[in-house]
Amino acid sequence: MTESEKKIIDGIDVSGTWSEFLPPKRIDFDANNRELAKFVLEKEPTFNLCIACGTCSATCAAGNLTDFNIRKLNVLLRRGEIEGIKEEIEKCMFCGKCQMACPRGVKTRNVIFNVKKAIEKL
Ligand code: SF4
Ligand code: SF4
């Protein structure tokens, strides 16, 4: 791209396409480890009702004090991206605030409890 083809707005170079700024993320569900999610779903079927709205994260006691994000954890778990989940789940204080706030009735405490239980077996 020549200098004359560049698009500059407020001194910032915004030439190019969105895909250059935000490369597409591909999730390979088959290659991921979905065993943990399957175990949790079996023990706590309400886990399937999660719409990833984030209300749980907004009320999370641990999330206010650390970088813990229960919504993100739920999403990664469902995708089967479980690397680092053991360390992450330890930040949960098991207070249950997230469960009271969840608009979908996901029994988040039991989800977390079962994730911990399953991790011990891994
Ligand atoms: S509040 Fe409930 S539905 Fe929303 S992200 Fe949390 S668990 Fe999922
Ligand atoms: S139970 Fe865990 S995830 Fe839920 S609000 Fe409390 S600290 Fe956050």
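If r is the Cβ-Cβ distance from THR46 to ASP10 and R0 is 35 Å, what FRET efficiency results, to the nearest 0.05?
0.15
What percentages, rounded to whole numbers, describe P(r) for the chain computed over all alpha carbon pairs with 10 Å bin width beginning at zero?
So the P(r) values, bin by bin, are 12, 37, 23, 12, 12, 5, 0.
What's the ranking of 75-81, 46-52, 25-31 by average number of surrounding C-beta atoms within 10 Å, highest first?
Ranking the peptides 75-81, 46-52, 25-31 by packing returns 75-81, 46-52, 25-31.
Can you give the FRET efficiency to the nearest 0.05 for MET100 and LEU22, using r as the Cβ-Cβ distance and R₀ = 35 Å?
Values: r = 35 Å, r/R0 = 1.01.
Computed FRET efficiency for MET100 and LEU22 comes out at 0.50.
Helix 70-79 versus the longest principal axis of the chain: what is the Cα-based angle in degrees, 0 to 90, to the nearest 10?
Computed tilt is about 90 degrees.
Could you compute the FRET efficiency for ASN64 and LYS116, with r as their C-beta to C-beta distance and R0 at 25 Å, rounded to 0.05? Walk me through the intermediate numbers first.
On the way: r = 21 Å, r/R0 = 0.84.
Efficiency computed from Cβ-Cβ geometry: 0.75.
With everything on Cα atoms, drop me the angle between helix 108-121 and the longest principal axis of the chain, reported from 0 to 90° to the nearest 10.
90
So what are the ³J(HN,Hα) numbers for the stretch 40-51, from phi and the Karplus equation (6.51, -1.76, 1.60; θ = phi - 60°), rounded to whole Hz, Gly and Pro as x?
Once rounded to whole Hz, the list reads 5, 4, 5, 7, 9, x, 5, 4, 6, 7, 4, 10.
Just so you know, all these numbers are worked out from the coordinates, no wet-lab data involved. Keep in mind that this is a model prediction, so the values were computed, not measured. Positions of Cβ are backbone-derived with ideal geometry, glycine not excepted, and every protein chain shown enters the neighbour counts.
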